[in-house]
1. Output the number of the condition that Asp133 fails; it satisfies all remaining conditions of (1) in contact (Cβ under 8 Å) with a residue 24 or more places away in the chain; (2) surrounded by 13 or more Cβ atoms within 10 Å (Cβ to Cβ).
2. Somewhere in the range 35-46, is a residue of a type in the set (Lys, Arg) and under 21 Å from Ile112 (Cα atoms)?
3. Please give the helices (runs of 4 or more DSSP H) falling wholly within the range 103-182 in which 2 or more residues are at pLDDT below 55 and among the aliphatic types (A, V, I, L, M).
4. Looking only at the range 1-36, which residues are more than 13 Å from Ala61 (Cβ to Cβ), crowded, with 18+ Cβ neighbours inside 10 Å and in contact with a helix residue (DSSP H, G or I) (Cβ under 8 Å, 6 or more places away or on another chain)?
5. Within the range 67-74, can one find any residue that is closer than 28 Å to Ile106 by Cα, in a loop (DSSP other than H, G, I, E, B) and in contact (Cβ under 8 Å) with a residue 60 or more places away in the chain?
6. Give the range 1-39 a look and list any residue that's free of Cβ contacts under 8 Å to residues at least 12 places away in the same chain and basic (Lys, Arg), or say none.
7. Could you go through the range 40-57 and let me know if any residue there is in contact (Cβ under 8 Å) with a residue 60 or more places away in the chain and assigned to a strand (DSSP E or B).
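The values are calculated or read from the model by the stated rules, or taken from the named source; none is laboratory data. Only a predicted model underlies this, so the values are computations on that prediction, with no experimental measurement involved. So basically every Cβ, Gly included, is an ideal-geometry build from the backbone, and we count neighbours across all protein chains shown.
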Amino acid sequence: MSFIEAEDLGKTYDTNGIKFTALHGINFMLEEGSLTVILGPSGAGKTTLLNLIGGMDAVTAGHLTVGGKHLEGMNRKELTLYRRADIGFVFQFYNLMPNLTARENIELATEICPDAIDPVKAAEMVGLEEFQDHFPGQLSGGQQQRVSIARAVFLYFIFKELGFGGLGEMHAVTYITAFAISELFVFLVVLLTRHHVKQGESL
């Protein structure tokens, strides 16, 4: 049975009466434990699709089911609760709190996730056991992104937006795939977006 399923999924934006359709008639199914790469040029709708699955935007057409939850019928409050409990994001920009250590940044997820794992364990999974007490400014770009990945794995899904930054593509895939096959993340689904086919093939 599919864990994520889209049927005739669509998204239309309405700005001052001007409508723009970003997605139309999207159909797909993803199983539990899958690692999926979404390929397409800039403007193809990759980010829009991630925003819908991640509950950051509302569905305007069709059906979208994630883990048995029907997102197309959710209001703003319901989408907020869904994001809080079920979704982990790793953004192109790491969005770390500069006045918190690596461990404290990871621990932020424990404030909103009811089933959070031990932040020390999450840090060890991305090779940051020796840097947990360092502040973001004391970490390299790749290390900062590892913190953002560790923070995301508290939850069911990881969404990776556009670039791997200083982490390095193969290292990113190594870490994320490790999460996907880990017994700690039975329900994990990983979605990544890439601009070019060659970059997707490298994964």
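1. Asp133 satisfies every listed condition except (2).
2. no
3. 169-181
4. Once the filter is applied, which keeps residues that are more than 13 Å from Ala61 (Cβ to Cβ), crowded, with 18+ Cβ neighbours inside 10 Å and in contact with a helix residue (DSSP H, G or I) (Cβ under 8 Å, 6 or more places away or on another chain), the range 1-36 yields Ile4, Leu35.
5. Yes.
6. Selection gives Lys19 alone.
7. No, the range 40-57 contains no residue that is in contact (Cβ under 8 Å) with a residue 60 or more places away in the chain and assigned to a strand (DSSP E or B).
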